[in-house]
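Read-outs: derived from the displayed coordinates by stated rules, not from any lab. Keep in mind that what you see is a predicted model, and the values were worked out from it rather than measured.
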Amino acid sequence: MKQNLDDDKMIRERVKVEMNKFLGDILKQVCEQLNDYPYTTIEYEMLKESTYPYTNIKRINQEKERILLHLNAIKADCDALAMDVQKTLKLKDVVDEDEFTPLSMTKQEEDEEIEE
């Protein structure tokens, strides 16, 4: 820690203890993943794969942001398409009178039809 902090920084004992616990937890998780391999010998590639989430966290977060931005763009496109569909393909709630064809005639129309 001292090598990576500014020279004027002092590290309290509790910070050192908690850092060791944190690193121990990380080590435990890496070892659990290494135990998932069926081989008795641990190779460097296995270690590299097990430590990937910890060594590439910056790149993983950048990729997450890129994906979220892309998903938001897709969402905006979907919203725009939905508005276009509602605007251009809107069904009329009321049928125009000149297009209206009654399914049954009124009593007066039936009487007129019979007279003819």
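Subtract the Cα-Cα distance of N72 and T51 from 0.36 nm times their separation in residues, and report this length gain in nm to one decimal. Walk me through the numbers on the way to the answer.
On the way: separation 21, 0.36 × 21 = 7.56 nm, distance 3.05 nm.
Extra length available between N72 and T51 comes to 4.5 nm.
Where Rh is the Kirkwood radius over the Cα pairs of the stretch 1-65, the temperature 25 °C and the viscosity 0.890 mPa s, what D in µm²/s does Stokes-Einstein return?
Details: Rh = 14.3 Å.
It diffuses with D of about 171 µm²/s by this estimate.
Anything over 26 Å Cα to Cα? Flag those among K28/K48; K16/K58; K28/K58; K21/K64; K9/K64; K64/K87, in the order listed. Walk me through the numbers before you get to the answer.
Numbers: K28/K48 15 Å; K16/K58 24 Å; K28/K58 22 Å; K21/K64 28 Å; K9/K64 33 Å; K64/K87 35 Å.
Checking Cα-Cα distances, K21/K64; K9/K64; K64/K87 exceed 26 Å.
Calculate one ³J(HN,Hα) per residue across the stretch 61-71 by plugging θ = phi - 60° into the Karplus curve 6.51 cos²θ - 1.76 cosθ + 1.60, and present them in order as whole Hz with x for glycine and proline.
5, 5, 5, 4, 4, 4, 5, 4, 5, 5, 5
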